[in-house]
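Student: Take this structure, written in structure tokens, and hold onto it; I'll ask about it next.
The values are calculated or read from the model by the stated rules, or taken from the named source; none is laboratory data. None of the values given here were measured: they were computed from a predicted structure. With ideal geometry, Cβ positions are generated from the backbone for all residues, glycine too; neighbour counts draw on all protein chains shown.
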């Protein structure tokens, strides 16, 4: 039997290949880049080859900003009730400043969420979706001490199902510190 592997094909448990639910769609991620020095966060949308390079990375991995090519990055637009809002001038300025600095930045992946809104959890290996009994964040914030709840969370690996990736800029320590 001859089987062809094509774009959007994913391996199934029985050794066969199936079609990803996102097959035919352009792979893209919304990346939130937080700067601990200024306390600001900028959202960017990464598409194409730059987005593909992030597949397989895990929470805690450190990446160079240079792997995100300028032509694959655009400013994140807010959607409300199906209508896209144009970003403010302040956000456009912050975006352009970040894109200029991006090649020399180092980013640490701190989390994210999937297309259903389930958060990524650093202690759950792989890109799977699981129901876990949790007593604390990420994924559950108990209203009272000692409360636990079974909630759905996503694993710590970036897959095609992830839509948002949270990162923080890592600054090198100076010799005097």
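Student: Among (1) out of contact with any strand residue (DSSP E or B) (no Cβ under 6 Å at 6 or more places or on another chain); (2) closer than 19 Å to residue 36 by Cβ, which single condition is residue 138 missing?
Tutor: (1)
Student: Same structure again: Could you tell me whether residue 98 is farther than 16 Å from residue 42 by Cα and surrounded by 18 or more Cβ atoms within 10 Å (Cβ to Cβ)?
Tutor: No: the conditions fail for residue 98.
Student: With a cut-off of at least 2 residues that are surrounded by 14 or more Cβ atoms within 10 Å (Cβ to Cβ) and at pLDDT 85 or above, name the strands (runs of 3 or more DSSP E) lying wholly within the stretch 4-82.
Tutor: Here the list reads 28-35, 40-47.
Student: Taking the conditions exactly as written (within 19 Å of residue 40 (Cα to Cα) and either modelled with pLDDT of 90 or more or not in a loop (DSSP other than H, G, I, E, B) (or both)), does residue 168 satisfy them or not? Write out each step before concluding.
Tutor: Working: within 19 Å of residue 40 (Cα to Cα): yes; either modelled with pLDDT of 90 or more or not in a loop (DSSP other than H, G, I, E, B) (or both): yes.
Yes.
One line per residue, one yes/no per condition, for (1) touching a residue at least 40 places away in the same chain (Cβ under 8 Å); (2) surrounded by fewer than 18 Cβ atoms within 10 Å (Cβ to Cβ); (3) not in a strand (DSSP E or B):
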| residue | (1), (2), (3) |
| --- | --- |
| 107 | yes, no, no |
| 111 | yes, no, no |
| 117 | no, yes, yes |
| 122 | yes, yes, yes |
| 125 | no, yes, yes |
| 130 | no, yes, no |
| 137 | no, yes, yes |
| 146 | no, yes, yes |
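Student: Out of (1) under 28 Å from residue 56 (Cβ atoms); (2) touching a strand residue (DSSP E or B) at 6+ places or on another chain (Cβ under 9 Å); (3) without any contact (Cβ under 8 Å) to a residue 24 or more places away in the chain, what's the single condition that is false for residue 163?
Tutor: So the condition that residue 163 fails would be (3).
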